[in-house]
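We did not get these values from a lab; they are worked out from the coordinates using the rules stated. In this text the structure is predicted, and so the values were computed from the model without any measurement. Please note: Cβ atoms are built from the backbone with ideal geometry, for glycine as well, and neighbour counts cover all protein chains shown.
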Amino acid sequence: NNNEFEIVGVGKATITAKYKDVSDTVVVNIYSIDKLEFNKRGYIVKVGDVVKLDYLFDSFDKNEEDIIFTSSDDEVASIVDGNIVAKSQGKVLVTAKYNDIVAQINVIVSDNNYILGDANFDGIVNSDDAAVALDMYRYGNSTSVQKMVADLNFDNIINADDAALILDIYRYGE
């Protein structure tokens, strides 16, 4: 009566409007644009720690319990109830899947509390860390731990791309 309708699910709806002898019909397809993405560039987690995955999920159905999380190596880290459970040193790829949407994020499990992007280990990510990453690229002088924390795109190469990502963290946060 008030020319409004309520969307209650996904599918096809036929709407017919009538006024006296005139009527018109329109078919409306209702669909959900689902979104699933991680809010961080990656994680460095200490062996023995449990860390909640930070992700964005939006779906018309809101069935967050239907997200399936997997780890590429459960011996290094497993995913339990949306948490990273760090077991042994190494690197894993965590995959989140909801319907046809797939999001992935790298997780490094280490023996210490390192911060992703903190290449000079001063406890903050800033332009100094980007400069260290560029020095690592230019001169190759770095420790394996520095390589681990400075490789923000997880391609096993420290270069200007990583320095740019460090600056992004400095400017915009993780």
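Relative to the longest principal axis of the Cα atoms of the chain, the long axis of helix 127-139 lies at roughly 60 degrees. If you plug the beta carbon distance of Asn99 and Ile15 into 1/(1 + (r/R0)^6) with R0 = 22 Å, you get a FRET efficiency near 0.25. Under a 5 Å amide H cut-off, with hydrogens placed 1.01 Å from N, Tyr55 pairs with Asn39 among residues at least 5 apart or on other chains. From helices alone, the chain scores -5500 deg cm²/dmol at 222 nm; the rule is -39500 (n - 2.57) for each run of n ≥ 4 DSSP H residues, then divide by the residue total.
For the chain, the equivalent ellipsoid built from the Cα gyration tensor has semi-axes of 47, 20, 12 Å, listed from largest to smallest. Seen against the Cα atoms of the chain and their longest principal axis, helix 160-172 is set at about 60 degrees. Pairs with C-alpha atoms separated by more than 25 Å, drawn from the list Lys52/Lys97; Lys12/Lys40; Lys35/Lys147; Lys46/Lys147; Lys12/Lys35, are Lys12/Lys40; Lys35/Lys147. In the chain, taking the dipole from charged Cβ atoms about the Cα centre, the farthest positive-side position among Ala150, Val109, Leu56 is held by Leu56.
In this structure, the amide hydrogen of Lys46, modeled 1.01 Å from its nitrogen in the peptide plane, lies closer than 5 angstrom to those of Ser110, counting only residues at least 5 positions away or on a different chain.
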